[in-house]
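Taken together, the values in this text are just the output of simple stated rules run on the coordinates, not laboratory data. Source: prediction; values computed, not measured. Neighbour counts are summed over all protein chains in view; Cβ atoms, including those assigned to glycine, are modelled from backbone coordinates with ideal geometry.
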Amino acid sequence: MSELWVALSDIPADGREFSFADQSIWQDRWKEFGMNAAPGEKNLEANVTILPQGDEAALVRGTLKGSVKVPCDRCATPYEIEIDTSFDLYEELPAEGEEEEAEETRLRKNDNGVVELDMAALLWEELALALPIKPLCSDGCKGICPGCGRDLNTEECACPQDEGDPRLAVFRDLKIK
């Protein structure tokens, strides 16, 4: 798992801009979480401004742009998703004694007492939030036939059509008023 710790003590009070273009930040996590994703034609790139808020907190503002190839949820054909998102996050160290109860934070104190921010975790989360919940190659995607496994977008299904119980055929033309 890729980690990228930035020490808040190294950042001036008026903030500092960072640019992250290393693709391993995202690709390592794709493997870790078992995602069937691949880099798109445009590499992912994040531009981030970190503004320290005292000694134990930071405001993180940034943009994430690029593209990712993911499989369609209906037909499993890989297609490219354009990523263009911006984010504003506030991160702070949990108070002493609250570490176990606090949600996962991306801030920690290292062995030397320096507060650090895990940018790899933060950028991964922003990418995950930018991806669609149900990725579809198109709104009209027909998917895959559950019987024969053919892609219904490119070819017709060869499965025999079930006409149902012949004893109930009389009800097929029944109209209810």
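Out of A95, A120, which single residue is surrounded by fewer than 19 Cβ atoms within 10 Å (Cβ to Cβ) and either among the aliphatic types (A, V, I, L, M) or touching a His at 6+ places or on another chain (Cβ under 7 Å) (or both)?
A95
Count, please, the residues in the range 31-52 that happen to be farther than 17 Å from T85 by Cβ, among the hydrophobic types (A, V, I, L, M, F, W, C) and surrounded by 18 or more Cβ atoms within 10 Å (Cβ to Cβ).
Result for the range 31-52: 1.
Failed condition for E82, given (1) within 30 Å of L152 (Cα to Cα); (2) charged (D, E, K, R); (3) crowded, with 16+ Cβ neighbours inside 10 Å, with all others met?
Going through (1) within 30 Å of L152 (Cα to Cα); (2) charged (D, E, K, R); (3) crowded, with 16+ Cβ neighbours inside 10 Å one by one, E82 breaks only (3).
Given the options E17, E80, E91, E3, name the one that is in contact with a strand residue (DSSP E or B) (Cβ under 8 Å, 6 or more places away or on another chain), touching a residue at least 60 places away in the same chain (Cβ under 8 Å) and not hydrophobic (A, V, I, L, M, F, W, C).
Step by step, each of E17, E80, E91, E3 is checked, and only E3 is in contact with a strand residue (DSSP E or B) (Cβ under 8 Å, 6 or more places away or on another chain), touching a residue at least 60 places away in the same chain (Cβ under 8 Å) and not hydrophobic (A, V, I, L, M, F, W, C).
On the given criteria, is R74 surrounded by 15 or more Cβ atoms within 10 Å (Cβ to Cβ) and not in a strand (DSSP E or B)?
The answer is yes for R74.
Filter the range 53-71 down to the residues that are surrounded by fewer than 19 Cβ atoms within 10 Å (Cβ to Cβ) and not in a loop (DSSP other than H, G, I, E, B), then identify the one that is farthest from the chain's Cα centre (by Cα).
A57
Quick one: I50 ticks every box in (1) within 19 Å of W5 (Cα to Cα); (2) in a strand (DSSP E or B); (3) free of Cβ contacts under 8 Å to residues at least 24 places away in the same chain bar one, so which box is it?
(3)
Specify the residue that is nearest to A130 (Cα to Cα); the eligible residues are those in the range 1-47 that are part of a strand (DSSP E or B) and among the aromatic types (F, W, Y).
Once the filter is applied, the top-ranked residue is F20.
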